[in-house]
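To start, the structure under review is shown below, and the notes come after it.
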Number of protein chains: 2
Amino acid sequence: MSNLTLLSEPYFCPHRLNKYATLMAAGNGYLGLRACHEEAYTDQTRGMYLAGFYHRASATETTELVNLPDVLQMRIELDGQIFTLLSGTVVNYRRELNFANGELTRRLEWLAPNGRRYRIVCQRFLSAKRLSLVCSRIAITPLDDAACVTISTGIDATQTNSGRQHLNETSVRVFEQRYLQGVYTTLDGSKELTISSYCEVAPQTESSFYAKNRRLTQHCQGRVAKGEAFELVKTSWIACSSDEHYRPDAALAELVACVAPGYEQLLSESALSWQSYWQSSRVVVNSRDDGDQRALDFALYHLFAMTPGHSERCSIAAKGLTGEGYKGHIFWDTEVFLLPFNLLTRPAAARQLLSYRWHNLAGARAKALENGYQGALFPWESAWSGEEETPEFAAINIRTGLRQKVASALAEHHLVADIAWAVDVFFQATGDKAFMHERGVTLLKETARFWIGRAVEVNGRLEIHDVIGPDEYTEHVNNNAYTNYMAYHNVALAVAYVQRLANDDGEFISQAKDFLSRLWLPQANEAQLIGQDDSFFSKPTIDLSKYKAQQGSQAILLDYSRAEVNEMQILKQADVVMLMYMLPWLFTPEQLEANLDYYEPRTIHDSSLSKAIHGVVAARCGRTAQAYRFWQQACLIDLGDEPHSCDDGIHAAATGAIWLGAVQGFAGLTIGQGELCLHPRLPENWQSISLPFIWQGTSVLLTLTHETIAVSVASGVLAMRIGEQQVAVRGSETFLISDFFTPVNGSGTMQEVQP
Amino acid sequence: MSNLTLLSEPYFCPHRLNKYATLMAAGNGYLGLRACHEEAYTDQTRGMYLAGFYHRASATETTELVNLPDVLQMRIELDGQIFTLLSGTVVNYRRELNFANGELTRRLEWLAPNGRRYRIVCQRFLSAKRLSLVCSRIAITPLDDAACVTISTGIDATQTNSGRQHLNETSVRVFEQRYLQGVYTTLDGSKELTISSYCEVAPQTESSFYAKNRRLTQHCQGRVAKGEAFELVKTSWIACSSDEHYRPDAALAELVACVAPGYEQLLSESALSWQSYWQSSRVVVNSRDDGDQRALDFALYHLFAMTPGHSERCSIAAKGLTGEGYKGHIFWDTEVFLLPFNLLTRPAAARQLLSYRWHNLAGARAKALENGYQGALFPWESAWSGEEETPEFAAINIRTGLRQKVASALAEHHLVADIAWAVDVFFQATGDKAFMHERGVTLLKETARFWIGRAVEVNGRLEIHDVIGPDEYTEHVNNNAYTNYMAYHNVALAVAYVQRLANDDGEFISQAKDFLSRLWLPQANEAQLIGQDDSFFSKPTIDLSKYKAQQGSQAILLDYSRAEVNEMQILKQADVVMLMYMLPWLFTPEQLEANLDYYEPRTIHDSSLSKAIHGVVAARCGRTAQAYRFWQQACLIDLGDEPHSCDDGIHAAATGAIWLGAVQGFAGLTIGQGELCLHPRLPENWQSISLPFIWQGTSVLLTLTHETIAVSVASGVLAMRIGEQQVAVRGSETFLISDFFTPVNGSGTMQEVQP
């Protein structure tokens, strides 16, 4: 894995502090740590977040992921001058995130206002092995003369979520004149947090400690000769009461146990965990565009950082653990955009993500009941308790003073079926019957029961009224194609799994079968088009080029009200394309093409979930070049030039979509109906793609070129379908693509060879 | 008043951001506004405070003065560069606070990192006329080329008190595309705050508004030609639910009414209020040291800024309205150090300060009862409710994890008598019988009843055990001289006033007289020394020179525990000297000298209240040179060079003490027992001192030189005692000092001429 790419920040830009704080954030699924500089900047949002550590600051606020007390900030004075990159001159600045081991390194030379030069090297990592461990190291070398260095750092609980404070400071301590510890309790008393820190400095350094105004601080002061480094290594241990065996004194003991190994050894042990992750998940492409590999490494780095492999009570927030956007809430993004990657590389993590929903069934049942439905209606936004966390009202309209009811929680019900879809692909990929018996079948049945009760009878057929599909620019419509097809799929899955795995429940099965026989599934018209909903085709269109040029910014809402947008053929993301992505076997290649061509010009792609899915569907249509354009654009959602694209956190689902685009789109590896399917469609720029995955317990390495399919199976047999042919691979085998597909139009597009 | 001094900051120093934010803070008794720069700095504590607007963030926290949403901060970009004085080069920087009208002006030239120069002028004031009104103006002139200027400013409710949030954002609005308004409620729902703001910019400026994450922001963008100014005038109106006629829409109307007059006219009208203040209060000295006049102007500027002339429900916090030190709580400082100034210059304000205590009698009675006493035991630290706000436990000892009980609230009872002392001087100075009938006598009687119950009988005499005097380095002692004498004074005052003004209460009078006849008053020994308490003289002494050299820092507590300090003759401030200051008629000049000489070497002056009082007593001993040294040192408590001397707010009592030192010490104007007394003792450096005051409704201007006493009475007759002689002045009269006093030792010291 020595060839893993780096993410570099080549110069210091005060306008991009938050972009890079997000892009280069550290994470291990338990903790997330924004890549803020040691020295503070007023425009920089510092942040450390712990998976599942949510709190609601007051009755008028929304539950949010708590921004924890800060352990990385350092106030640095060099010969009495406050160190900040805003002053003096910055020379040879470079910051790099090493995807291979998660270490962030910043090297620079600072020509201070007094004319003296100092070399400063800052390093840090969040351990991938000991999830509570944060290590950082700073080395300051005066280049012109001996220097007096002072560093004040500690545990800073003045941190808030934009001014909302969630924590009471219960206790601050210094043990044995060296170990700092702060214990904090959420205002509602439900959770406790313990942060312990230790700063290692040269013995002759003077240290003093003080606690004031929610800050526990160690003040270190020392002299250092010209050319020698003043070094401070800070080790911090973050623990919370949701952890197993949590106790503040145990947390201190864990910290103390990290002191002896020291920075390098702790980094090595963490790097080993990273190595094993990359080995089992890294997608390697041989592309003419270096950015492709970097985008994939970036995506997979963050997919690791955000995925809580340690707990079934946590899931993945819309911004992972990198920022406060969407308050750290969990959406359908997790099941549809993030679960597939985990499923094929870390099935245990995928199991945990689904278990999170199972643990929260009570909230989903309660929400269904409150809304007059049966079964489980999962919350549109979910946090710790499984209750609906979507604010009831949108932010105030500052011009009118009115607050609109938030429609998503009331009508964006497709996530119920999305979860069911995920349960099915999980079982297909893992064959985990224990999960299905204990949890999966219940999830399928309860979600199916919701749909059975949700449908209404119109002239003898069942319809689903007043919903919002994934396209949130079109609200309160009837028979949204995505929703109806997915609801059907949900109920059909429930029937199949109940019959196969559970005690037959006659009443449920008969209700479900009645639903399936009567539910209206919008059909393609003569032009092969499926209407997004009952009313869609009757609405007028407008030229969207202006808005497509600013996609992601929701600029349309500056010119039109939501109500006006709702009455036009304007899509945030395309529901029918999304549906064809989810259930590809239901639609013909002609239908894919026709709908892609119809809906894409009407889609602004204001959702970060849009582009990559279009890419996969375009690839499945055989339009590899178009797919590649979509995919490359999707790769720039966070990595692009826009200085504020991800200030409040990474687009978590978009990182999952980068993987989806490469694996499902270009490698063409998809989970079908009971089988794994392969249909490679490599972009011209790519000579090869190589990807590891696990299918039903079998580890596989798949390597594709434009001519060959190489499959290497660690043990056992991999059964899969390539094109229209079933193959079973034992050991390593290489196939010729031309044995499975024939080229169409000589353009690299392939058609299945009939077996 | 055109010769009022200025307070200048001659250069930008990132280490002194908070010192100057305090020194140059604006205030009008209703609002206080730290002098923070428009652009933010991470080390700068921004702050706006409203008198009486307290809240307790949670059960484990202490009630504190709420740091309100910020209206002054501006994010400024000039040709895309973020404006901060840390970057580029700052040329011709100068910030000045004009004491005459309270206007703060900053002028500078900024050579930006891109090599272009911009002239920036920032002005602001808090209206002394319309107490809710904050005005600020910024003018930016590009000097080298046309420039693009963007300013983002609004109402920023991410502000906290060191991370403690007190306010819910109830509503944010933009009315008529121009008026911003935020309504905030304390977390406990008890108080509401409305902030309304309007930004006036040139018509061609583009403005947009947005509300996010507790910030309501106006974003202004415009181009300006080389040499022309981009100007933004921001007018804000701060109102709260404790105000009369408070309503958010009324607040908006008030703001709108300020738009037409504009900055200059609003400043003029405020300046008129300042002018009248200075006319009725300014002390003018003709000194060889310019710093003396500046210190007096500084002190009186802040005395105006901190004194809530608008409400009887507010008093003066230990840091006024300039910072969060002592959580904005009210101590005995107000009655002893701040009331005398108001008494002689703004008697209505003095009445309000005493009424604050009267309104809070219920809390004082409850505290007495809880502690097993009768009468009124006022809280050591007071806020809005009159309940004891002193935290029960001190901050955690970070080494041991222990919290000590805070002794002050339990035993520092002298403030009860201090309040009684203040009621008496108030009546002497004003002759306000209505106040005494309604409030004053009750205060005297209830405080007296406390002492009657507080004393214990020991061998037939009454003693007061287990108290803390003003010297907080000596705790839990018996018969603290200050306390016993002041308690006696308190009860004697109660007897006198009850007999004179109230229905005779036979039982109280007889109890009180018994108390007075039996209370032990520590007597001077052969050396004329009065023991600070029963045990004081038996304790060992140590050399304090090391600690006196760092006075104000409490450095002694780094070397000795509080318990150890308690067992030595080590004083934070000298109780016996303080006592002689308070009740001077009880002690002989020899006793004053002997005790000053004994206690001063044992006093570290770690309290900001110490030096100036020593100065007054030294002056009364005729030691003018020593007194002047003490006084000049006292003037430097905030104004001195120490960069962090007043980061968390002004030493409010110390500003009162600057006035006390000049007026009571050097002019020698004191309120005696039923009469106004004058005994001038001008320092050698001073040619004259001139001061206005009001005595029993009569406005007087007193001008003293080393030779003459000029008294000018506006109307009526002023009766006073000069030295040992009674005089009655009508109109203007000038006396020769030599007619009243004879020089002693030719050193400028005077002795009374026997009449």
Two pseudo-spin positions, 7 Å from Cα along C-beta at residue A:393 and at residue A:496, lie apart in nanometres by 4.6 nm
Mean per-residue count of partner chain Cβ within 10 Å for B:155-166 equals 5
Expected output for the range A:184-220, residues with a loss of 10 Å² or more in accessible area relative to the chain alone at probe 1.4 Å, reads A:187, A:209, A:211, A:212, A:213, A:214
Any trypsin sites (Lys or Arg not before Pro) in the range B:234-338 that lie in a DSSP loop and have at most 13 other Cβ atoms within 10 Å would be B:288
To the nearest Å², the heavy-atom accessible area per residue of the range B:308-674 with 1.4 Å probe amounts to 34 Å²
Along the range A:324-340, Karplus-curve 3J(HN,Hα) (6.51, -1.76, 1.60; θ = phi - 60°) to the nearest Hz, with x for Gly and Pro, reads 9, x, 6, 6, x, 7, 10, 10, 5, 3, 4, 5, 8, 9, 10, 5, x
Label points for residue B:539 built 7 Å along Cα→Cβ; distances to same position in the other copies, nm, shortest first, come to 8.1
As straight-line cross-link partners of residue A:327, the qualifying aspartates and glutamates (C-alpha separation under 15 Å, not fewer than 8 residues apart within one chain) are A:61, A:64, A:381, A:387, A:388, A:389, A:392, A:647, A:648
Rounded to the nearest 0.05, FRET efficiency between residue A:675 and residue A:200 (Cβ-Cβ, R0 41 Å) equals 0.15
The lysines whose Cα lies under 16 Å from the Cα of residue A:572, excluding any fewer than 8 residues away in the same chain, are A:539, A:546, A:548, A:611
Pseudo-spin-label distance residue A:549 to residue B:286, built 7 Å along Cα→Cβ, given in nm, is 7.6 nm
One finds, for residue A:687 and residue A:728 with R0 = 22 angstrom and r their Cβ-Cβ distance, a FRET efficiency to the nearest 0.05 of 0.20
If each K or R counts +1 and each D or E counts -1, the residues other than residue B:497 whose Cβ falls under 9 Å of its Cβ total +1
Note on the protein assembly as shown: alpha-carbon gyration tensor, axes a ≥ b ≥ c; rule is a/c under 1.5 for rounded, else prolate if a/b larger than b/c, else oblate; result prolate
Note, residue B:312: beta-carbon cut-off 11 Å, +1 each Lys/Arg, -1 each Asp/Glu, net +4
In order over the range B:262-279: 3J(HN,Hα) from phi, Karplus 6.51/-1.76/1.60, θ = phi - 60°, whole Hz, x for each Gly or Pro, gives x, 4, 5, 5, 5, 5, 4, 5, 5, 4, 4, 5, 4, 4, 5, 4, 5, 4
Log entry, pair B-A: total buried accessible area, probe 1.4 Å, protein chains only, in Å² rounded to 100, is 3400 Å²
One finds, for residue B:246 and residue A:6 with R0 = 51 angstrom and r their Cβ-Cβ distance, a FRET efficiency to the nearest 0.05 of 0.30
Averaged over residues of A:399-411, the number of beta carbons from other chains lying within 10 Å of each residue's Cβ is 1
Burial-style ranking of B:214-224, A:595-605, A:200-210, average other-beta-carbon count within 10 Å with highest first, yields A:595-605, B:214-224, A:200-210
Looks like chain A, by Cα gyration tensor root eigenvalues a ≥ b ≥ c and the a/c under 1.5 rounded cutoff (else prolate when a/b is bigger than b/c, oblate otherwise), is prolate
For residue A:558, inter-copy label-point distances (7 Å, Cα→Cβ), nm, shortest first, read 5.6
Checking rank on A:161-169, A:552-560, B:406-414, with mean other Cβ inside 10 Å and highest first, the result is A:161-169, B:406-414, A:552-560
Of the accessible area of chain A, computed with a 1.4 Å probe and all protein chains kept, carbon and sulfur make up a percent value of 48 percent
Here the net charge surrounding residue A:694, from other residues whose Cβ is less than 15 Å away from its Cβ (Lys, Arg +1; Asp, Glu -1), is +2
Once both label points are put 7 Å beyond Cα along the C-beta direction, the residue B:742-residue A:525 separation in nm becomes 12.1 nm
XL table B:367/B:445; A:191/A:212; A:367/A:433; A:319/B:212; B:129/B:234; Cα-Cα > 19 Å flagged, in table order, is A:191/A:212; A:367/A:433
Expected integer from the mean partner chain Cβ neighbour count at 10 Å over A:169-178 is 3
Protection proxy (average C-beta count within 10 Å per residue), highest first, orders B:481-490, A:351-360, B:539-548 as B:481-490, A:351-360, B:539-548
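The values are calculated or read from the model by the stated rules, or taken from the named source; none is laboratory data. Everything numeric here is computed off the predicted structure, so don't read it as measured data. Note that each Cβ is placed from the backbone with ideal geometry, even for glycine, and that neighbours are counted across all protein chains shown. Surface areas here come from the heavy atoms of the whole protein model, side chains and all, with no ligands, DNA or RNA. Shrake-Rupley method; radii C 1.70, N 1.55, O 1.52, S 1.80 Å.
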